[in-house]
Amino acid sequence: MNNVRRTKLFLLLSAALGVSALAGCAMSGDSASADVTAPTISAVYPDDTAASVVINTAITAIFSESMDSGSIIAANFTVASGTTPVDGTITYNDSNKAAIFVPTNNLVINTLYTAKISTAVKDLAGNMLALDKVWTFTTGALSDTTAPIVNSMVPIDTTTNVAVNGTINATFNEAMNPSTIVADNFLVKAGGTTAVAGTVTYDLPTKTAIFTPTNNLAGSTEYTATILIGVKDVAGNALVENAVWSFTTGAALDTTPPAVISTYPLNAATGVAINGTVSAIFSEMMDPATFISANFTVATGGVSVAGAVTYDVQNWQAIFSPSANLAVSTTYTATITIAAKDLAGNALQANKVWTFTTSAAGLGPAPVILGTAGNFVILAKTAISTVPASVITGDIGLSPAAESFMTGFSQTKATGYSTSPQVTGLMYAADQTPPTPANMTTAIANMQTAYTDAAGRVTPDELNLSSGNLGGLTLSPGLYKWTSAVTVPLNVTISGGSNDVWIFQISGTLDVSAGKSVILSGEAKAKNIFWQVADTVVIGAGAHFEGIILGEKSITLSTNATMNGRALAQTLVALDQTTITKPAQ
């Protein structure tokens, strides 16, 4: 049949059947358009093997695609303790692709539970899960009655020149019920009155609610975003009050891919501390929801390192915090994948990959992991005071006390931090603009964990050395323990190599006499010296100190005292014309 006759035949059939019918026939026969991919489960809550789960929690599973809600039923989503099933109600939230099991009664304390979603659940095309999804968790002894809070907002409150094609995000301090993260509870308005159309989704791994406008925002316009008290955590607790913030757009679209402008450690760095974090700073604000463990990895020999991934919206910094010290003399590869995106959805153009090698083994105990407490040269719970003018190099932080308990600094307030002529760095406090409150809560928790770690080391190399009088001594690497006060009435020397570690466990007070010094000898470094002190610490007038103080009570640096290290106190830090500098890495 020639082409002319084929064309005439097609026209006749089109007239008889209708073009749309023919097109439908063609499409129904097009196997390429059919969905034959089985759905998967991308995240669950509680996490598999999670411990100390609150007894009034909901159990949640997030699917990779929209599901047939008729298949999300009790027979296909079960929770049980042993062979005893848990009664509950099951809902499905399509905007977040979330199946949610809410127990009728609180779970039993200190009990192992198994959650199961069977292969009978289906997507909209009828494809079933390839395998049953089974995970376990163990309850604790407590219920959750604490209201959730919004940890951070993106864009940050009062930010200007925001891309008109970006998303608006809010990250919570705990897992939220996806069925409450909906458009009715997340509003964006132009000029405070004109509602912006958009879709609202929830990213379970990062605890982030995401508002994606249907169309680009207007240029050079102020917008207000609001998270309403209708949002609830997995235990059913609602926000205490609406979370409200504002931002102003710029005039242009953001089509520029983000870039990593610096890393820590640097690429090919050697001698890297085994108790530090791994981080990358970006050229612009990134989407926090894209920073998950799959997108930022640290590995050696193809084996991934366990750790937590966070994103600091204030500094545009992604941070990987290892769960334990890294191995010594080992080369690691850090990778941030192209799944990391900015707020406009622009991805990295290529994976960011860099390597570093940890330091060789030193003498003494393993170093103490400071976590995010290591971001501060001074960190305290109740107050930080200075008699001007002190000279402080590094960031300082205070929580849960408010910024008003930072006295003597004559600080200038900014969004989420303050500055002072006395501080070469930033000042953070619990009552500043998010995400600072959440970051400070984490840093304080890490400080307390570090204190407990240092205090819990066993089998000291020296017990009650010199009855606590360190004057004139030279201390080699090791674990030292005193069941009384420790004094430094004369200079004391800490001598060792660059990778050696010292931990000093002091049950009483620590007092350095006026004009006396802690002196480093050889290649000893302040970052590897940990003073765990259960009582007060006083560094006398004109004295010099080296190392990291983990104090359960107050730390006082008297007139003209100097310190190379960190003052991390579970009460207050008081300075008097003091010079304190964060230790070199």
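Inspection of region 335-350 identifies at least one residue that is closer than 29 Å to ASP453 by Cβ, touching a strand residue (DSSP E or B) at 6+ places or on another chain (Cβ under 9 Å) and free of Cβ contacts under 8 Å to residues at least 60 places away in the same chain. Going through (1) under 17 Å from VAL234 (Cα atoms); (2) surrounded by 15 or more Cβ atoms within 10 Å (Cβ to Cβ) one by one, ASN105 falls short only on (2).
Put simply, of THR114, THR119 the only residue that is β-branched (Val, Ile, Thr) and either under 28 Å from the mean Cα position of the chain (by Cα) or crowded, with 18+ Cβ neighbours inside 10 Å (or both) is THR114. Looking at region 67-159, the strands (runs of 3 or more DSSP E) lying wholly inside it that each contain 1 or more residues that are touching an Asp or Glu at 6+ places or on another chain (Cβ under 8 Å) sit at 98-103, 112-117, 133-139, 150-154. Is it the case that LEU370 is more than 13 Å from ILE580 (Cβ to Cβ), of a type in the set (A, V, I, L, M, F, W, C), surrounded by 20 or more Cβ atoms within 10 Å (Cβ to Cβ) and in contact with a helix residue (DSSP H, G or I) (Cβ under 6 Å, 6 or more places away or on another chain)? Here the answer is yes, as LEU370 does meet what is asked. Taking the criterion of being at pLDDT below 95, in a loop (DSSP other than H, G, I, E, B), among the acidic types (Asp, Glu) and surrounded by 15 or more Cβ atoms within 10 Å (Cβ to Cβ), would at least one residue in region 203-219 satisfy it? There is no residue in region 203-219 that is at pLDDT below 95, in a loop (DSSP other than H, G, I, E, B), among the acidic types (Asp, Glu) and surrounded by 15 or more Cβ atoms within 10 Å (Cβ to Cβ).
Quick check on my filter: what residues within region 271-290 are modelled with pLDDT under 95 and not in a loop (DSSP other than H, G, I, E, B)? The answer is GLY271, VAL272, MET286, PRO288, ALA289, THR290.
Restricting region 292-310 to residues that are free of Cβ contacts under 8 Å to residues at least 40 places away in the same chain and in contact with a Pro (Cβ under 6 Å, 6 or more places away or on another chain), the residue that is farthest from ALA43 (Cα to Cα) is VAL305. Across region 297-323, the qualifying residues are those that are over 16 Å from the mean Cα position of the chain (by Cα) and not in a strand (DSSP E or B), and the one among them that is farthest from ILE156 (Cα to Cα) is GLY301.
Here is a yes/no grid of residues against (1) assigned to a strand (DSSP E or B); (2) more than 30 Å from MET406 (Cβ to Cβ); (3) aromatic (Phe, Trp, Tyr); (4) under 21 Å from the mean Cα position of the chain (by Cα):
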| residue | (1), (2), (3), (4) |
| --- | --- |
| ALA327 | no, yes, no, no |
| ALA334 | yes, yes, no, yes |
| ALA339 | no, yes, no, yes |
| GLN349 | no, yes, no, no |
| THR357 | yes, yes, no, no |
| ALA361 | no, yes, no, no |
| GLY364 | no, yes, no, no |
| PRO367 | no, no, no, no |
| GLY374 | no, no, no, yes |
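Only a single item in (1) surrounded by fewer than 21 Cβ atoms within 10 Å (Cβ to Cβ); (2) under 30 Å from THR212 (Cβ atoms) is not met by ALA58, and it is number (1). Would it be correct to say that GLN505 is on the phi < 0 side of the Ramachandran plot, at pLDDT 95 or above, crowded, with 19+ Cβ neighbours inside 10 Å and of a type outside the set (Val, Ile, Thr)? Taking the combined requirement at face value, the residue satisfies it. Can you confirm whether region 297-317 contains a residue that is at pLDDT below 95, crowded, with 21+ Cβ neighbours inside 10 Å and charged (D, E, K, R)? Within region 297-317, none of the residues are at pLDDT below 95, crowded, with 21+ Cβ neighbours inside 10 Å and charged (D, E, K, R). When THR487 is tested against the conditions (1) part of a strand (DSSP E or B); (2) touching a residue at least 40 places away in the same chain (Cβ under 8 Å), the lone failure is (2).
For beta carbons closer than 7 Å, sequence separation of 6+ or different chains, a first residue in region 239-255 that is under 21 Å from GLY345 (Cβ atoms) and free of Cβ contacts under 8 Å to residues at least 60 places away in the same chain and a second that is among the aliphatic types (A, V, I, L, M) and surrounded by 15 or more Cβ atoms within 10 Å (Cβ to Cβ), there are no qualifying pairs. Summed over region 519-560, residues that are among the basic types (Lys, Arg) and over 28 Å from the mean Cα position of the chain (by Cα) total 1.
Of the residues screened, ALA389 is not one that is assigned by TED's automatic domain parsing to the domain that holds SER558, assigned to a loop (DSSP other than H, G, I, E, B) and under 22 Å from the mean Cα position of the chain (by Cα).
The values are calculated or read from the model by the stated rules, or taken from the named source; none is laboratory data. Here the structure is a predicted model, which means the values were calculated and not measured. All Cβ positions, even for glycine, are placed from backbone atoms using ideal geometry, and neighbour counts span all protein chains on display.
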